[in-house]
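One structure is given here, and the rest of the page talks about it.
The values are calculated or read from the model by the stated rules, or taken from the named source; none is laboratory data. What you see is a predicted model; the values in this text were computed from it and never measured. Reconstructed Cβ throughout: ideal geometry from the backbone, glycine too, with neighbour counts over all protein chains shown.
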There are 2 protein chains.
Amino acid sequence: MIRPIDATHDPNLRSWVESANQKDTDFPIQNLPLGVFRRRDSIDSSRIGVAIGDRILDLSLCVEAGLLEELPGKLQEACAATNLNPLMAMGSEASLALRRCLSALLRYDTQKSLPEREILVSMSDVELLLPAEIGDYTDFYASIFHATNVGKLFRPDNPLLPNYKYVPIAYHGRASSIVPSGTFINRPKGQRKRPDETAPSFGSSRLLDYEMEVGFFVGTGNKLGQPIPIDNAEEHIFGLCLVNDWSARDIQAWEYQPLGPFLAKNFATTISPWVVTLEALVPFRCSAFSRPQGDPPPLPYLFSRQDASLGGIDLTVEVWLLSAQMREAGMESFCLSRASFAQMYWTLAQMLAHHSSNGCNLRTGDLLASGTVSGAEEGSQGSLLELTQRGSQPIQLPTGEKRGFLSDGDEVILRGYCEKEGYARVGFGECRGTVLSVE
Amino acid sequence: MIRPIDATHDPNLRSWVESANQKDTDFPIQNLPLGVFRRRDSIDSSRIGVAIGDRILDLSLCVEAGLLEELPGKLQEACAATNLNPLMAMGSEASLALRRCLSALLRYDTQKSLPEREILVSMSDVELLLPAEIGDYTDFYASIFHATNVGKLFRPDNPLLPNYKYVPIAYHGRASSIVPSGTFINRPKGQRKRPDETAPSFGSSRLLDYEMEVGFFVGTGNKLGQPIPIDNAEEHIFGLCLVNDWSARDIQAWEYQPLGPFLAKNFATTISPWVVTLEALVPFRCSAFSRPQGDPPPLPYLFSRQDASLGGIDLTVEVWLLSAQMREAGMESFCLSRASFAQMYWTLAQMLAHHSSNGCNLRTGDLLASGTVSGAEEGSQGSLLELTQRGSQPIQLPTGEKRGFLSDGDEVILRGYCEKEGYARVGFGECRGTVLSVE
């Protein structure tokens, strides 16, 4: 069930937090994404916050101050937890109740009664942490453009495998190495073999890449053996974030047959700190991707009318790069690509229903990611592998530097936002990571 | 470092628990495997136990009774925990200290001072649970015979891929659906496509299989970005168990390209309840598998002298089947295969060193499994896929029933044991699961 638009989405709603009323902010009062932070100057444990403009509303302090008193006790307890898991476990009714309460608390006419200095903290004073304890991490392959682009490089005659249009292809990723935005990324070592070499050698990856993805967190889970029907799938989704699925292409090419990627990807996966709830995204829902004439319809367990008409999300995602040389020269980051998440072949609901269709149990806090978001157009490819044709057509940066793959010192910055006439912009913030080499 | 044999391995050592002195027991005083149990008649939380004959030593009660007082306080606390993670995290010195203490506590001449009825519980009075909280689960593919057998079925001309002899191939499995021995296994549904069909259909798997594997738990982990050198790898391994990596071959064949197995395996993985520590296995260490003439040597990061000479484990593994019809007729289970874990192409240390070689962090309690253990000989294949040549040469059971793949009501029983002249048998107990269909 996709919820109706309500008063919390009203574009005219303003907050007493002035920075939330700026036109270009990612975090207006209509967004209210949740994250976990720690104050830099404190030894307190981590706590839940809500991004509002350039500030964070500290939910633990709100609970202490009685500002969430209208919410059920258990929900208040979840707001005072050290990560989002208890809140995620309470389901979409609780998310909605919390959203309404937060919207009322932060709107322009509420300030007079609030102890502002106490419950707000500046973003610059905190460290943003992983929003949830992630039990399992699954990565899909839901962009047909990405699958085709990559397939063309490896199998020019047969880019798209016969199962693609039937199966939301996915593999299990590594949960332990998911890191929050800002964590430095060590260039991994591994076995690489150039086509002209007879044997592999072990050393630093020469073909390090990013993948621009959208992730979504499981709210309420399911029991082992009890699939989630597609009609109910969205009720099990808490919210979305940005994901950089760092990939060492040389390690990947050599190791991936026959069981899929392993060390090429499990050295690090970066996620953005703010979880944008499905409730915040209601105005930006759109129809699922229109399958080209001739494509098979989804099998019945992957089809619902509601999902076909509103299962998409009109979310723009971008990749930006800042090289060490650009940083030293004081330059701004450079946009490498821009794509629409509405162009994905499979919806969130289809991915989740497929994942549990064999009875596999999903747990609260599990992360599912979309796979690389690439579009049909030039400049919409979500990885360097695609953008540079496996490095053969390097990109030129404003400094004149060229990039086939990532160099040491490069910072990759993912951004995402929803914009629509008549609605406030809902942004995802940033997902950042800088590549380092350690000897 | 592989530890020397010490007094705890003395084959003449006897226990005051009489059933532990039977020649065929899996759990003599020389074994002392650890597990987690809950008394059926109690509402107590789960607790750690040690298998001894047909009894379990309750470590929480031992701590309460002051019987482990010679151990450091932190180690005693770990023994009184609700799962093995705290103990695993303490490393191999702690494991050894505990083993010595338990051996002394259970030896024949100690009984007079012990409150026997209080600290022992009968195996029949408990439910055995998962021994640890498993963060990530990784499954390898370390038997070259298995890889070749499977490869022949899918690629007759090219059974073994070029990377096999260089890369300990692995993929990430699903941690959430790892279940303890005895859990019923629902036959999964999924997309299947017969070669003569033009499109897949969704329904119950028709080609359900088991895979006989050996698992090992990470003790102390490593930090992200800090590989574990092969010389230290065994210090990070706590102990071993048996693993049944249930596999739906029809779902697998259709879904696995290009990212590897997913729904074909993540519906359930069964593990045996008792973790046999590396300390217990010392007498059964043997040289790593001898690579045939012409095979490349392991790359330097996968080689150590110690591992080459003692990295193997002379462990026999068996698969037994009990069909519903056999059960009704009061028959015993039937042995399908028997193989030696010493025949694996890659050692535990090689798997662990490879896994962390790119900086991937392993955490205490993580489970790594070997992949299917198959040998070179007839009757040593660890899956029905191999034993029956993809169902084309069905096995005949003592009832006259035939099996290409598993039928509903079939119970698969994995067993493992180490036997060597001059040493007490060290057994792994059983890993059981019965297939059910649910409509």
Go through region A:360-398 and report how many residues are over 20 Å from the mean Cα position of the chain (by Cα) and polar (S, T, N, Q). 6
When you look at A:Ala324, is it of a type in the set (Gly, Ala, Ser), modelled with pLDDT of 95 or more and within 22 Å of the chain's Cα centre (by Cα), yes or no? no
Check B:Gly221, B:Gly225 and return the single one that is at positive phi, modelled with pLDDT of 95 or more and not hydrophobic (A, V, I, L, M, F, W, C). B:Gly225
Filtered residues of region A:33-59 (kept if under 25 Å from the mean Cα position of the chain (by Cα) and of a type in the set (Ser, Thr, Tyr)): A:Ser45, A:Ser46
Selection status of A:Arg338, of a type in the set (Lys, Arg), within 14 Å of chain B (Cβ to nearest Cβ) and in contact (Cβ under 8 Å) with a residue 24 or more places away in the chain: no
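Identify, from the list A:Pro200, A:Pro195, the residue that is assigned by TED's automatic domain parsing to the domain that holds A:Leu367 and at pLDDT 95 or above.
Answer to the selection: A:Pro200.
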How many residues of region B:217-230 are surrounded by fewer than 20 Cβ atoms within 10 Å (Cβ to Cβ) and among the β-branched types (Val, Ile, Thr)? The answer is 1
Close pairs (8 angstrom Cβ cut-off, 6 or more residues apart or separate chains): part of a loop (DSSP other than H, G, I, E, B) in region A:196-208, loosely packed, with under 12 Cβ neighbours inside 10 Å anywhere: A:Ala199/B:Pro296
Name, by its number, the condition in (1) touching a residue at least 24 places away in the same chain (Cβ under 8 Å); (2) out of contact with any His (no Cβ under 8 Å at 6 or more places or on another chain) that does not hold for A:Pro283. (2)
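Got a sec? Which of A:Gln22, A:Gln30 is in contact with a His (Cβ under 8 Å, 6 or more places away or on another chain) and modelled with pLDDT of 95 or more?
On the way: A:Gln22 fails: in contact with a His (Cβ under 8 Å, 6 or more places away or on another chain).
Selected residue: A:Gln30, the only one of A:Gln22, A:Gln30 that is in contact with a His (Cβ under 8 Å, 6 or more places away or on another chain) and modelled with pLDDT of 95 or more.
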Quick one: in region A:158-186, of everything that is in contact with a Ser or Thr (Cβ under 7 Å, 6 or more places away or on another chain) and aliphatic (A, V, I, L, M), which residue is modelled with the lowest pLDDT? A:Leu160
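With the requirement that a residue be within 9 Å of another protein chain (Cβ to nearest Cβ) and farther than 23 Å from A:Leu387 by Cα, what does region A:196-206 give you? Break it down into steps so the answer makes sense when it comes.
At the first step, the residues of region A:196-206 found to be within 9 Å of another protein chain (Cβ to nearest Cβ) are A:199-202, A:205.
Of everything in region A:196-206, those that are within 9 Å of another protein chain (Cβ to nearest Cβ) and farther than 23 Å from A:Leu387 by Cα turn out to be A:Ala199, A:Pro200, A:Ser201, A:Phe202.
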Is there any pair with a first residue in region A:151-166 that is closer than 16 Å to B:Phe262 by Cβ and a second that is β-branched (Val, Ile, Thr) and assigned to a loop (DSSP other than H, G, I, E, B) whose Cβ atoms are under 8 Å apart and which are 6 or more apart or on different chains, and what are they? A:Asn163/A:Ile169
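Looking only at residues in region B:350-376 that are away from every other protein chain (no Cβ under 14 Å) and in contact with a strand residue (DSSP E or B) (Cβ under 8 Å, 6 or more places away or on another chain), which one is surrounded by the most Cβ atoms within 10 Å (Cβ to Cβ)?
From region B:350-376, those away from every other protein chain (no Cβ under 14 Å) are B:373-376; that's our starting set.
Imposing the further condition that a residue be in contact with a strand residue (DSSP E or B) (Cβ under 8 Å, 6 or more places away or on another chain) reduces the set to B:373-375.
Working: B:Val373: 33, B:Ser374: 27, B:Gly375: 21.
The extreme case among them is B:Val373.
Just wondering, is there one or more residues in region B:398-407 that are assigned by TED's automatic domain parsing to the domain that holds B:His146, hydrophobic (A, V, I, L, M, F, W, C) and modelled with pLDDT of 95 or more?
Yes: one or more hits.
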Considering region B:212-244, residues that are among the charged types (D, E, K, R) and away from chain A (no Cβ under 12 Å), and then whichever is nearest to B:Tyr345 (Cα to Cα), we arrive at B:Glu213
Could you list, in sequence order, all residues of region B:269-297 that are within 14 Å of another protein chain (Cβ to nearest Cβ) and in a loop (DSSP other than H, G, I, E, B)? B:Gly294, B:Asp295, B:Pro296, B:Pro297
Which one of B:Leu263, B:Leu259, B:Leu153 is closer than 24 Å to A:Gln226 by Cβ and not in a strand (DSSP E or B)? B:Leu263
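Filter region A:182-195 for residues that are part of a loop (DSSP other than H, G, I, E, B) and more than 10 Å from every other protein chain (Cβ to nearest Cβ) and give the result.
Passing the criteria: A:Gly182, A:Arg194, A:Pro195.
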What is the one condition in (1) under 23 Å from A:Leu322 (Cβ atoms); (2) at pLDDT below 95 that A:Glu439 does not satisfy? (1)
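To keep it simple, each residue is scored yes or no on (1) within 23 Å of B:Phe216 (Cα to Cα); (2) without any contact (Cβ under 8 Å) to a residue 24 or more places away in the chain; (3) of a type in the set (D, E, K, R).
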{"site": "B:Leu13", "(1), (2), (3)": "no, no, no"}
{"site": "B:Glu18", "(1), (2), (3)": "no, no, yes"}
{"site": "B:Ile29", "(1), (2), (3)": "yes, no, no"}
{"site": "B:Gly53", "(1), (2), (3)": "yes, no, no"}
{"site": "B:Leu75", "(1), (2), (3)": "yes, yes, no"}
{"site": "B:Asn85", "(1), (2), (3)": "yes, no, no"}
{"site": "B:Ala89", "(1), (2), (3)": "yes, no, no"}
{"site": "B:Leu96", "(1), (2), (3)": "yes, no, no"}
{"site": "B:Thr110", "(1), (2), (3)": "no, no, no"}
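Residue-wise test of (1) crowded, with 21+ Cβ neighbours inside 10 Å; (2) within 14 Å of chain A (Cβ to nearest Cβ); (3) over 19 Å from the mean Cα position of the chain (by Cα).
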| position | (1), (2), (3) |
| --- | --- |
| B:Pro258 | no, yes, yes |
| B:Phe267 | yes, yes, no |
| B:Leu299 | no, yes, yes |
| B:Val317 | yes, no, no |
A:Val214: buried (at least 24 other Cβ atoms within 10 Å of the Cβ) and either outside any strand (DSSP E or B) or in contact with an Asp or Glu (Cβ under 7 Å, 6 or more places away or on another chain) (or both), yes or no? no
Any chance A:Arg3 is surrounded by 13 or more Cβ atoms within 10 Å (Cβ to Cβ), closer than 14 Å to A:Thr277 by Cα and not β-branched (Val, Ile, Thr): yes
I want to confirm something. Restricting to region B:146-181 and keeping residues that are at the interface with chain A (Cβ under 9 Å from one of its Cβ atoms) and of a type in the set (A, V, I, L, M), which single residue is nearest to B:Leu299 (Cα to Cα)? B:Val167
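Out of region B:149-177, which residues are under 24 Å from B:Asn358 (Cα atoms) and either outside the structural domain of B:Gln257 (by TED's automatic domain parsing) or polar (S, T, N, Q) (or both)? Break it down stepwise before answering.
Filtering region B:149-177 for residues under 24 Å from B:Asn358 (Cα atoms) gives B:161-175.
Across region B:149-177, the qualifying residue is only B:Asn163.
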Which of the numbered conditions does B:Asp209 fail, given that it passes all the others? Conditions: (1) buried (at least 24 other Cβ atoms within 10 Å of the Cβ); (2) within 12 Å of chain A (Cβ to nearest Cβ). (2)
